[in-house]
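Heads up: the structure comes next, in structure tokens.
The values are calculated or read from the model by the stated rules, or taken from the named source; none is laboratory data. Worth saying up front: this structure is predicted, and the values here are computed from it rather than measured. All Cβ positions, even for glycine, are placed from backbone atoms using ideal geometry, and neighbour counts span all protein chains on display.
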Amino acid sequence: QLRARSAFKLREIDEKYRLIFPGARCIDCGAAPGGWSQVLAEGVYSRQQRPLKRPQTADSNQKDSTSSHKSSQSDNSLPTSLHEMETADSIWAVDLLPMEPISGVTVCQMDFTLPQAKARLRALLGGELVDLIVSDMAPSFTGTHSIDHIRTMNLCEDALYFAQDLLRPGGAFVCKFIMGGTEREFKLLLQTKYTKVRVFKPKSSRADSSEAYFVCLGKR
Ligand code: SAM
């Protein structure tokens with residue numbers, strides 16, 4: 001059960017650009033109520049055993065012959081169902097608002113634009129870079145298009161500079177924006193940082209909305 005209709009937008013983006021892969025480390029900015037995080041978790045965990053942090057108990061390491069979950073790995077003694085093992089998350093979700101937990105997703109309720117939020121995320125990542133950063137962040141809309149446009153572009157810029165720091169070379173970055181003029185200049189900036197930059201309007205995004213997504217591939 002997807003939590004938000006917006007989840008279909010990330011599904012469409014991923015169908016076209018293939019950004020999410022098993023084992024990918026991802027950050028979801030502006031994640032609440034959690035639709036995009038669910039789509040990330042589907043792609044990151046569904047086709048592989050989630051990384052093992054530690055076995056739950058000595059007993060849980062016994063192979064259960066009745067289990068329908070067969071390990072594709074050579075060590076069949078490891079528990080293979082999500083419920084059987086303690087796992088290390090590889091998805092981090094940030095939002096101003098609280099969010100119901102999702103298995104495999106570390107939820108951080110904070111204002112992404114604050115330096116403390118970036119420091120916290122950096123610490124949670126334990127010094128490792130990520131493969132994918134997505135941002136569906138949207139400000140509270142004022143109803144004045146030019147202001148809403150600029151505020152959204154500010155969030156995009158913030159996410160871009162964060163990605164400069166924590167996204168691995170070759171990694172992908174996606175951010176939502178609202179058309180309004182300055183996105184052309186922002187696209188030029190993105191092109192200096194990524195080898196491919198595309199503007200994508202998902203079919204699931206309302207046709208009368210001026211929102212679209214920058215999909216940036218191959219961080220330089
Ligand atoms: N992608 C989400 C999903 O599929 O459930 C929907 C995201 S919603 C369109 C935009 C979110 O951006 C809101 O939940 C809002 O709280 C969040 N947001 C806006 N500004 C933010 C900020 N400075 N820091 C963190 N989250 C922010």
Selection from segment 88-133 of residues that are β-branched (V, I, T) and closer than 18 Å to R168 by Cβ | I91, V130, I133
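Considering segment 104-115 alone, what residues qualify as being out of contact with any Cys (no Cβ under 7 Å at 6 or more places or on another chain) and either within 12 Å of the ligand (Cβ to nearest atom) or within 19 Å of P33 (Cβ to Cβ) (or both)?
Taking segment 104-115 as the starting set, the residues that turn out to be out of contact with any Cys (no Cβ under 7 Å at 6 or more places or on another chain) are 104-111, 113-115.
Correct list: G104, V105, T106, V107, C108, Q109, M110, D111, T113, L114.
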Which numbered condition trips up D208, out of (1) at pLDDT below 95; (2) surrounded by 14 or more Cβ atoms within 10 Å (Cβ to Cβ)?
-> (2)
Test result for L190, surrounded by 15 or more Cβ atoms within 10 Å (Cβ to Cβ), away from the ligand (no atom under 16 Å from the Cβ) and in contact (Cβ under 8 Å) with a residue 40 or more places away in the chain = no
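Take segment 1-48 and flag every residue that is of a type in the set (K, R) and free of Cβ contacts under 8 Å to residues at least 12 places away in the same chain. Step through it out loud before you land on a result.
Keep residues of segment 1-48 that are of a type in the set (K, R), which gives 3, 5, 9, 11, 16, 18, 25, 47.
Selection gives R18 alone.
Among P33, P139, P115, which is within 29 Å of A159 (Cα to Cα), modelled with pLDDT of 95 or more and loosely packed, with under 11 Cβ neighbours inside 10 Å?
On the way: P33 fails: loosely packed, with under 11 Cβ neighbours inside 10 Å; P139 fails: loosely packed, with under 11 Cβ neighbours inside 10 Å.
Sole residue among the options that is within 29 Å of A159 (Cα to Cα), modelled with pLDDT of 95 or more and loosely packed, with under 11 Cβ neighbours inside 10 Å: P115.
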Cβ-Cβ under 9 Å pairs, at least 6 apart or on other chains, segment 84-107 side more than 23 Å from L129 (Cα to Cα), far side within 14 Å of the ligand (Cβ to nearest atom) and at pLDDT below 95 | M99/R3; E100/R3
